[in-house]
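Trainee: Have a look at this one before I ask anything.
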Amino acid sequence: MTRQLDEARRQVEKNRSQLERSNVYLETILSNLSSGVLVFDEQFRVSMFNQGAQSILRADLRSVKGRPLETVEGAFTFSQHVRQAFTSHAAVGSERPFWQQQFELEVSGQDQDSRKHVVTLLARGTTLNVAGRGNGYLVVFDDISEVISANRTVAWGEVARRLAHEIKNPLTPI
């Protein structure tokens, strides 16, 4: 019996150690993502976030764990967009298990620059289900401001190219 207890204790210790390694591995992956990741519980209190979320929102999220995201300065608008997206997705009864939405958000400047900047975010969210019951919400978001700016630049370049072509060949329209 002592041998069985000792074996059970070793197995529990081995499982705990393996769980700790898995958690460290997951945290390492999340911390190195450039995308923002936020996990909320059933009452929309923040239960997990990564460095990418802090960088994109330009907010310190360390103090918000266990509280609603609205309590963080500068994250109120983002939180309202996320809640509205989850509500709309549930109301529509979409067949897709996730929602995706693009919206603009005003964030504070970096470093000593205190001016506000508008960033365009592409957010995706889903309900976390374990054992068939709602256990919270997951939101993954990216700052796509540079992508949109690059697309605009390409479009204006195309307009300029066509205009230059028309100026160069004035008889073509006639």
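The values are calculated or read from the model by the stated rules, or taken from the named source; none is laboratory data. Everything numeric in this text was worked out from a predicted model, so none of it was measured. Reconstructed Cβ throughout: ideal geometry from the backbone, glycine too, with neighbour counts over all protein chains shown. We work out accessible area using only protein heavy atoms, side chains counted, and drop any ligands, DNA or RNA first. Shrake-Rupley method; radii C 1.70, N 1.55, O 1.52, S 1.80 Å.
Trainee: Just the number please: accessible area per residue for the stretch 1-129, 1.4 Å probe, all protein chains included, in Å².
Mentor: Dividing the accessible area of the stretch 1-129 by its residue count gives 68 Å².
Trainee: Over the chain, what is the mean sequence separation of C-alpha contacts under 8 Å (at least six apart), divided by residue count, expressed as relative contact order in percent?
Mentor: Relative contact order comes out at 18 percent.
Trainee: Within the accessible area of the chain, what % is carbon and sulfur when the probe is 1.4 Å and the other protein chains stay in place?
Mentor: C and S fraction of accessible area: 54 percent.
Trainee: For the chain, set up a Gaussian network in which alpha carbons nearer than 10 Å are linked by springs, and say which option among VAL159, VAL140, VAL64 fluctuates the most.
Mentor: Among VAL159, VAL140, VAL64, the largest GNM mean-square fluctuation belongs to VAL159.
Trainee: List the residues whose amide H sits under 5 Å from the amide H of SER47, counting only those 5 or more places along or on another chain, with H placed 1.01 Å from N in the peptide plane.
Mentor: VAL39, PHE40, ASP41, GLY66
Trainee: Using a 10 Å cut-off on Cβ atoms, rank the peptides 71-77, 145-151 from the highest mean neighbour count down.
Mentor: Sorting 71-77, 145-151 by mean packing, highest first, produces 71-77, 145-151.
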